[in-house]
Amino acid sequence: QHKKSWVSEWSITKQRTFRIDTMFVAKTIASEHKDLIHDVSFDCHGTRMATCSSDQTVKVWDLDEESGWQCTASWKAHSGSVWRVTWAHHEFGQVLATCSFDRTAAIWEELNSDTSCKGVSSPNTWLKRTSLVDSRTSVTDVRFAPKHLGLQLATSSADGVVRIYEAVDVMNLSNWQLQFEFNCNLSLSCLSWNTARTHPPMIAVGSDDPNQSAGGKVQIYEYNETSRKWQKVETIFMVTEPVHDVRFAPNLGRSYHLLAIAARDLTILSLKNIRKEVFNNTGGLSKFEIRQVGSFDDHESVVWRVSWNITGTILASSGDDGCVRLWKANYLDNWKCISVLKADSNATEADRASMLAPHIASTPISGAIRVPPPAGTMNIKRTSGWPYMDIKVDQGKMFY
């Protein structure tokens, strides 16, 4: 049921060797969604989870230390399949955004018990604050901007248009203004904000257009402060298969950006800025040296989702093989698969205590959600006589 690995503790005088037994247990949650679950999103604390489905509903789950994940709210959010759900940063309150096949995106806010309608206590009531109805086709993705950019969100549509909205007043989420709109000339399936504070606002978009003659399926756009427009700075021509997800890694001190792309294979790109004038107000756009640091077909099937931990050091990918794979770079910057998690079993490859992942959820067609439990047990045993030590590890917080 679990794998054994070895770790060494080095000191000046001697070496002590420990054996680490690590367990990853997949727990199935009966979601009661009546159709395919398309997206699962955790809040920044890892204690709340939102799911969306083709049954047109959104469900919010709260983690209870004793009873596990409990559904605390469920409602019909759209009149079509709900493709994506995402949380705003907690400093803006308990806010969700959803997007749908019905050509709209919606903003939802949780009401406190003292502000619920007609004075009735209802702490888990979610109110639709507004609908964003500018799109004429299916809205395929919605993402809040990094918090240092304020309360903004971007949507992508099947007709290739990216729209960026901003809340006029963060205390009144009913009023959102369309700030920017640009056409990528490709049917879009996903987008991702770059979270780096030291770089101008940047968005990556991906296309699921099956026509390979259309060229690169990933484009990078950057906001030009001088022209006050979003402009394309790069097209990733090395990815020509339909793209299902893109994610910038959180940037904590790196001099380059990492971008994960989910397509037929998993691709990891390094984008290093080689044009410096963008930082000294000359109005020039960034120019990147793009390097493929990893390309993997381990899923042996379509890769649907990618997700980084909060430090941008571990990448999780999920595919049609029913597995979640964890990836990490070694000291030579070579990316390797460090663990494989299956919904019906424990980890199936080498696990290391220092590489425990955050909560990872997979969304099978059956309508059930599978997540690792909130706590796992590691037995650390010294081979030369030390007593056993049991360490409780909250896998949802190990990466903080």
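Only the coordinates and a few stated rules stand behind these numbers; no lab work does. A quick note: this is a predicted structure, and the numbers were derived from the prediction, not measured. Here the Cβ positions follow ideal geometry from the backbone for every residue, glycine too, while neighbour counts run over all protein chains shown.
Points worth noting:
- Among 28-37, 262-271, the peptide with the highest mean count of other Cβ atoms within 10 Å heads the list, and the full ranking is 262-271, 28-37.
- When both segment 319-337 and segment 218-253 are represented by their alpha-carbon centers, they are found 22 Å apart.
- Distance cut-off 17 Å, percentage of C-alpha pairs in segment 38-152 lying past it: 55
- Where Rh is the Kirkwood radius over Cα pairs, Rg/Rh for segment 158-259: 1.00
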